[in-house]
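Student: First the structure, which I've put down as C-alpha cells, then a few questions once you've had a look.
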Amino acid sequence: MKNLPSAARQAQIRERLSAHPGVSVSELARKFDVSEMTVRRDLAALEGKSHIQRTHGGAMLTQRMMLEFDYRARREHNRPLKQAIAAAARKLIQPGQRLILDNGTTTLELASLLKDGQDLTVITPSLAVASELQHAAGVEVILLGGVIRRGSPDLTGPVTEHCLELFAADYAFQGADGIGANGAIYNSDLRLACVDKIMRRVAHKSCVLADHTKIGLTALACSGTLADVDFFITDTATPAAALKRFARLGPRIITAKP
C-alpha cells in the first residue's frame, strides 16, 4: 500500500480500528510502507478530529467513532431488503402529510426517500433521521426531546413520550427487533417499546417495517401485536405461512421484492 495519499491512509486506519481494539505505530508503518513518523502525523491528524485516541505506541478509536461504525454496520446489514421495504412504504405517503418515523435503520432508509417530498412534516426521535432530512426543502423536521440512548443516535424516555403526546400524525412508521410467530412486535429496549406504543396511538394509521430475518424472533419488550397496526411491510422471503397468520390479525400485508 505504498504511496497512498494521507487522507486514504487515515480512512484505512479508521476502518482497521473498527475491526481491532487497537493498532501499533510500527504495525501501521509496515502495512502502509511508510515511516513511523508519517504514521504519527496521520494519528495526530485523526486525534485532532476526535476520531482516535492515541495510546503508548499506537491508537484506538474514540467512543464516538466506535458508535459510528457500529451504527453503520447495523444500517448496512440486509440493506437491500430494507431499501425495498422503504420504497414500498414511500408509496403510501402523499404530499401534505404528517409522519412519525422511529429510530430503526429501515425507517432511516425511508427517510432518505423523502428528500423530494412536498409539504411533509416528519416527527422523529432519531438524530439520524433528522440529519438525513435537514436539508430537504419540502420537509419540516420536528426532532423530539429526550435522553440520548447509549450506543444509538436516538432519543427516548419520559420527555420523548410527553413530546409525542403533543402531536397528531397521518402515519407512524416503525421498525422492530422481532416479530413473533403470533404477530407480537418486539423491541430490545423497554423505553423504545413505550415510545412505539404512543406513536401508534397519536397516528391515524401505523405501519411496521420488518424484513424476513426478524420473523419468529423475540426480544426484551413487546409493544403490541400486528393487530394494532394498519400495514405490515416485509420482503418476499417472509414465509407464506407467517404472512397468512399475520393477515388474520387484520393489517394490510405488503411484500417488497429487493
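Student: Quick one: what are the phi-derived ³J(HN,Hα) couplings along the stretch 183-196, Karplus 6.51/-1.76/1.60 with θ = phi - 60°, whole Hz, x for glycine and proline?
Tutor: Values per residue, Gly and Pro as x: x, 5, 9, 10, 9, 6, 10, 4, 5, 5, 4, 5, 5, 4 Hz.
Student: Tally Lys and Arg at +1 and Asp and Glu at -1 over the other residues with C-beta under 15 Å from the C-beta of Asp228: what net charge comes out? Intermediate results must be reported in sequence, preceding the final value.
Tutor: Details: positive: Lys197, Arg200, Arg201, Lys205, Arg248, Arg252; negative: Asp102, Asp196, Asp230.
Local charge sum for Asp228: +3.
Student: A further question on this structure: Quick one: if the Förster radius is 30 Å, what FRET efficiency do Thr236 and Ala181 give, using the C-beta to C-beta distance and rounding to 0.05?
Tutor: 0.95
Student: To continue, here is another question. Per residue of the stretch 24-35, what does 6.51 cos²θ - 1.76 cosθ + 1.60 with θ = phi - 60° give for ³J(HN,Hα)? Whole Hz please, x for Gly and Pro, Karplus curve as stated.
Tutor: Each residue's phi maps through the Karplus curve to give 9, 4, 5, 4, 5, 4, 5, 4, 9, 6, 10, 6 Hz.
Student: Residue by residue through the stretch 161-178, which ³J(HN,Hα) values in whole Hz follow from phi under the Karplus form 6.51 cos²θ - 1.76 cosθ + 1.60 (θ = phi - 60°), with glycine and proline marked x?
Tutor: 4, 5, 4, 4, 5, 7, 10, 10, 10, 6, 9, 10, 10, 9, x, 7, 8, x
Student: If we restrict to alpha carbons, what Rg and Dmax does the stretch 115-155 come to, in Å?
Tutor: 10.8, 34
Student: Cα convex hull of the chain: mean projected area in nm², to one decimal?
Tutor: For the chain, the mean projected area of the Cα convex hull comes to 15.4 nm².
Student: Does the stretch 154-205 come out rounded, prolate or oblate, given a ≥ b ≥ c as the square roots of the eigenvalues of its C-alpha gyration tensor, rounded meaning a/c under 1.5 and, failing that, prolate meaning a/b above b/c?
Tutor: oblate
Student: Taking the beta-carbon count within 10 Å as an exposure proxy, list Thr234, Thr105 from fewest neighbours to most.
Tutor: Thr105, Thr234
Student: Of the listed pairs Lys31/Lys82; Lys49/Lys82; Lys115/Lys197; Lys205/Lys244, which have alpha-carbon separations greater than 24 Å here?
Tutor: Where the Cα-Cα span goes over 24 Å, the pairs concerned are Lys31/Lys82; Lys49/Lys82; Lys115/Lys197.
Student: Sticking with this one: Using just the helices of the chain, give the 222 nm mean residue ellipticity in deg cm²/dmol: DSSP H runs with n ≥ 4 each add -39,500 (n - 2.57), and the total is spread over all residues, rounded to 500.
Tutor: -12000 deg cm²/dmol
Student: Moving on. Give the shape of the stretch 81-201 as rounded, prolate or oblate, defined through the alpha-carbon gyration tensor: a ≥ b ≥ c are the square roots of its eigenvalues, a/c under 1.5 means rounded, and otherwise the shape is prolate if a/b is larger than b/c and oblate if not.
Tutor: Working: a/c = 1.56, a/b = 1.21, b/c = 1.29.
Judged from the Cα gyration tensor, the stretch 81-201 comes out oblate (a/c at least 1.5, b/c at or above a/b).
Student: Rounded, prolate or oblate: pick one for the stretch 75-135, where a ≥ b ≥ c are the square roots of the eigenvalues of its C-alpha gyration tensor, a/c under 1.5 means rounded, and failing that, prolate if a/b is larger than b/c, else oblate.
Tutor: In terms of gyration-tensor shape, oblate.
Student: If Lys and Arg each add +1 and Asp and Glu each add -1, what is the summed charge of the other residues whose beta carbon sits under 13 Å from the beta carbon of His135? It would help to have the intermediate numbers written out before the result.
Tutor: On the way: positive: Lys115; negative: Asp116, Glu132, Glu140.
Neighbourhood net charge equals -2.
Values in this text are rule-based calculations from the coordinates and carry no lab data. The structure displayed is predicted, hence computed values, not measured ones. For neighbour counting, all protein chains shown are included, and Cβ atoms are generated from backbone atoms with ideal geometry for every residue, glycine included.
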